[in-house]
1. Condition first: among the charged types (D, E, K, R), within 16 Å of Met377 (Cβ to Cβ) and open to solvent by less than 10 Å² (accessible area, probe 1.4 Å). Can you find one or more residues in segment 143-162 that meet it?
2. What about Tyr198, is it among the hydroxyl-bearing types (Ser, Thr, Tyr), out of contact with any Gly (no Cβ under 7 Å at 6 or more places or on another chain), at pLDDT 95 or above and open to solvent by 10 Å² or more (accessible area, probe 1.4 Å)?
3. If you go through segment 335-363 one residue at a time, how many are in contact with a Cys (Cβ under 9 Å, 6 or more places away or on another chain) and small (Gly, Ala, Ser)?
4. Among the residues of segment 186-197, is there at least one that is touching a helix residue (DSSP H, G or I) at 6+ places or on another chain (Cβ under 6 Å), part of a helix (DSSP H, G or I) and either within 15 Å of Ser304 (Cβ to Cβ) or among the polar types (S, T, N, Q) (or both)?
5. Just for segment 175-185: of the residues that are touching a residue at least 40 places away in the same chain (Cβ under 8 Å) and open to solvent by 10 Å² or more (accessible area, probe 1.4 Å), which one is farthest from the chain's Cα centre (by Cα)?
6. Scan segment 244-298 for residues that are assigned to a loop (DSSP other than H, G, I, E, B), surrounded by 21 or more Cβ atoms within 10 Å (Cβ to Cβ) and not β-branched (Val, Ile, Thr) and report the count.
7. For residues that are over 23 Å from Lys418 (Cα atoms) and in a helix (DSSP H, G or I), tally how many sit in segment 157-185.
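The values are calculated or read from the model by the stated rules, or taken from the named source; none is laboratory data. What you see is a predicted model, and the numbers here were worked out from it, not measured in a lab. All Cβ positions, even for glycine, are placed from backbone atoms using ideal geometry, and neighbour counts span all protein chains on display. Protein only, heavy atoms only, side chains kept; ligands, DNA and RNA dropped before computing areas. Shrake-Rupley method; radii C 1.70, N 1.55, O 1.52, S 1.80 Å.
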Amino acid sequence: MFRCNLCNNYYSKKIKKCPKCSSKDIIEIEKENNEVNATIIGNDNLYIERDSAKCIGCGMCKNTCKLRENLKDNKCFDNCVYCGSCIQTCPTGALKPKNEIPELLQNLKNKTCIALVAPAVRVTIGEEFGKKYGSFEEKKLVGILKKMGFDYVFDVTYGADLTTIEESYELIERIKENKNLPMISSCCPSSVLYIEKYYPELLENLSSCKSPISMLSSIIKNYFVPKKHLEDAYIVAIVPCTSKKYEIKRKELDGSCNLAITTRELIDYIKNEYDYSKIKEANFDSIFTGSGSSYLFGNSGGVSESIIRCTYNILTNDDLNDFELNEVRGLDSVKEANIFINNKEINIAVVNGMNNAKRLLKNIKKGKSKYEFIEIMNCYGGCIGGGGGPKLDIYEEALIKEKRMNSLYKKDKLKKIKTSYMNSAIIDLYKKYLGKPNGKKATKLLHTSYSDKSKK
């Protein structure tokens, strides 16, 4: 990291002169003792920012990078996975998601704006407006987005159902061929980036599936938008984590999603503009709807549970509509499950936090992994604990996250259709547009690739 000695701006790469003040007095800050207590957030960080006036140099952010994320050399910016965990542990609110609300408001004025809402957002946003922890605020959230001027508001659970089907077929194929196992889930952009930076040898183990948000964005851009002749469509994801801001800008994706707004950014805007209690409730536009299991994607273990329900059906043609995989539920750092399908054992591991994932990744590298499928979520509890969500009381973290998780489990239980393959909207999409799962068109639109981002 480098710092301008005149205006105090940070930069990730060595530069000849500061682009802000034109000073050539650029110093390498690793040599400065007064910088050791804080995670370095450069001004060129597109996803996280620091209010220096609020920073007290306590070192909580730096310890988070080191202990929770296992980042090399404790230099968060160069090695950052953009998870925003430092935001959650900062005691003074000095760290926050990069504010992109102004860009959103500008596009709401002159474009057809389409919002996509992640499952975790609806069980966290209410906390900032006097609601109980885990309060399910889906209709209120849709009402707010409609009031802001969004033309369409869609549910990311539809994208989660697509991910479930594509990832299930991919897992079955890998097991049959005994190739690139264990397969590692690819829904969490921070865990994907961590592997690209620190374990590039394992890129073939990553599922090639896009995340639910990226899948739904691709379907909207390539299927819905042309069908509706929306030449000025602007797609915005409402997300629980800062790393989704990074994900949508990945060069490996097709740029279907234009902007990602975190729960916290949306909360700050609502507080300044509206009376939350007076916002009228509204429903999602019903073109894209998800099954019960798709809500579980907001929880650690939810991806695994959803995939097992679908995989069982593909292999047996029987249903697990009321099936609950309790072994992967909850807040334990590492959870395991063993499932037998047609006398074939499928071993699953579910991991919270990259520090816990490191041991499993090392074993894969050594060829000693016993699993067929590994789900890795960067944040403890999964997306319901994302760095872009409402700030947690660190002393009540577990209690709060359990209530958020239980809210999504309850929604799954109440849904009549609990499995992705029984979702009529998904069946219709494959029949009319995508063809078969993991087929040529589905692979083009719903899958991606990865690259070695390590520093040799």
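1. Step one: of segment 143-162, the residues among the charged types (D, E, K, R) are 146-147, 151, 155, 161.
Adding the requirement that they be within 16 Å of Met377 (Cβ to Cβ) leaves none.
There is no residue in segment 143-162 that is among the charged types (D, E, K, R), within 16 Å of Met377 (Cβ to Cβ) and open to solvent by less than 10 Å² (accessible area, probe 1.4 Å).
2. No; evaluated as a whole, the condition is false for this residue.
3. Qualifying residue count for the region: 1.
4. Start the filter on segment 186-197 by keeping residues that are touching a helix residue (DSSP H, G or I) at 6+ places or on another chain (Cβ under 6 Å), which leaves 186-187, 189-190, 194-195.
Next, only the ones that are part of a helix (DSSP H, G or I) stay: 189-190, 194-195.
Adding the requirement that they be either within 15 Å of Ser304 (Cβ to Cβ) or among the polar types (S, T, N, Q) (or both) leaves 190.
Among the residues of segment 186-197, at least one is touching a helix residue (DSSP H, G or I) at 6+ places or on another chain (Cβ under 6 Å), part of a helix (DSSP H, G or I) and either within 15 Å of Ser304 (Cβ to Cβ) or among the polar types (S, T, N, Q) (or both), which makes the answer yes.
5. Ile175
6. Adding up the residues that qualify gives 6.
7. Looking only at that region, the number is 5.
The rows are residues; the columns are (1) closer than 14 Å to Gly159 by Cα; (2) more than 13 Å from the chain's Cα centre (by Cα); (3) among the polar types (S, T, N, Q).
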{"site": "Phe224", "(1), (2), (3)": "yes, yes, no"}
{"site": "Lys245", "(1), (2), (3)": "no, no, no"}
{"site": "Cys257", "(1), (2), (3)": "yes, yes, no"}
{"site": "Leu266", "(1), (2), (3)": "no, yes, no"}
{"site": "Tyr269", "(1), (2), (3)": "no, yes, no"}
{"site": "Phe288", "(1), (2), (3)": "yes, yes, no"}
{"site": "Ser293", "(1), (2), (3)": "yes, yes, yes"}
{"site": "Asn299", "(1), (2), (3)": "no, no, yes"}
